[in-house]
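Some notes on the structure that comes next.
FYI, it's all coordinate maths here, none of it is from the lab. This one's a predicted model, so the numbers in the text were calculated from it and none came from an experiment. Every residue, glycine among them, receives a Cβ derived from its backbone with ideal geometry; neighbour counts consider all protein chains shown.
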Amino acid sequence: MARILIVDDSPTEIHILKSMLVKCGYDVLVAQSGEEGIQAAKLQNPDLILMDVVMPGINGFQATRELSKATETAHIPVIIVTTKDQQTDRVWATRQGAKDYIVKPVKEQELLSKLKVYLSS
């Protein structure tokens with residue numbers, strides 16, 4: 001089954017996302033900062049990354065940009081998962097290399113349908 005890396009500084013959000021994913025049979029990795037997420041992506045080579053935006057240190061936009069530019073991680077699709085619901089944030093996420101965008105609170109069906117799109121291609 002696919003391996004998904006969750007990058008989020010909120011233990012509550014990690015728990016919610018991880019529960020949804022594990023229930024559906026996904027292998028879940030967790031990183032609690034942008035820096036940790038970049039390192040985990042390079043070491044673990046997940047099939048997909050769910051990236052929060054607002055985190056201390058490197059934020060999700062910066063981490064996504066770094067991952068999309070690095071040759072060893074550029075192939076990994078990144079879906080931004082955030083409370084930021086402005087059109088400008090969505091555009092900026094795409095410019096940083098994100099493939100998709102989900103606004104919290106995450107709806108399980110929306111998450112699973114987006115995963116199917118990026119994990120089947």
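Per the Cα gyration tensor, the chain maps to an equivalent ellipsoid with semi-axes of 18, 16, 14 Å, ordered largest to smallest.
Candidates S113, Q32, V81 compared by Cα position along the dipole of the chain: farthest toward the positive end lies S113, with charges placed on Cβ. Would you calculate, for the chain, the mean residue ellipticity at 222 nm contributed by helices, counting each DSSP H stretch of 4 or more residues as -39,500 (n - 2.57) and dividing by all residues, to the nearest 500? It lands at -14500 deg cm²/dmol. This ranking places S10, S33 by how few other beta-carbon atoms lie within 10 Å of each, fewest first, which gives S10, S33.
Count Lys and Arg as plus one, Asp and Glu as minus one, and take only other residues whose Cβ is under 12 Å from that of I6; the net charge is then -4.
Charges were assigned to the Cβ only: +1 to each Lys and Arg, -1 to each Asp and Glu. The resulting dipole of the chain about its Cα centre is roughly 320 debye. The Cβ shell under 12 Å around V54 holds other residues with a net charge of -3, Lys and Arg each +1, Asp and Glu each -1. The trypsin sites (Lys or Arg not before Pro) of region 59-112 meeting both criteria, a DSSP state outside H, G, I, E and B (loop) and at most 15 other C-beta atoms within 10 angstrom of the site's C-beta, are K107. A Cα-only calculation for region 1-70 places Rg and Dmax at 11.3, 32 Å.
For V91 and T12, what does the FRET efficiency come to when R0 = 22 Å and r is the distance between their Cβ atoms, rounded to the nearest 0.05? Approximately 0.20, to the nearest 0.05. Computed from the Cβ-Cβ distance with R0 of 22 Å, the FRET efficiency linking K107 to R3 stands at 0.50.
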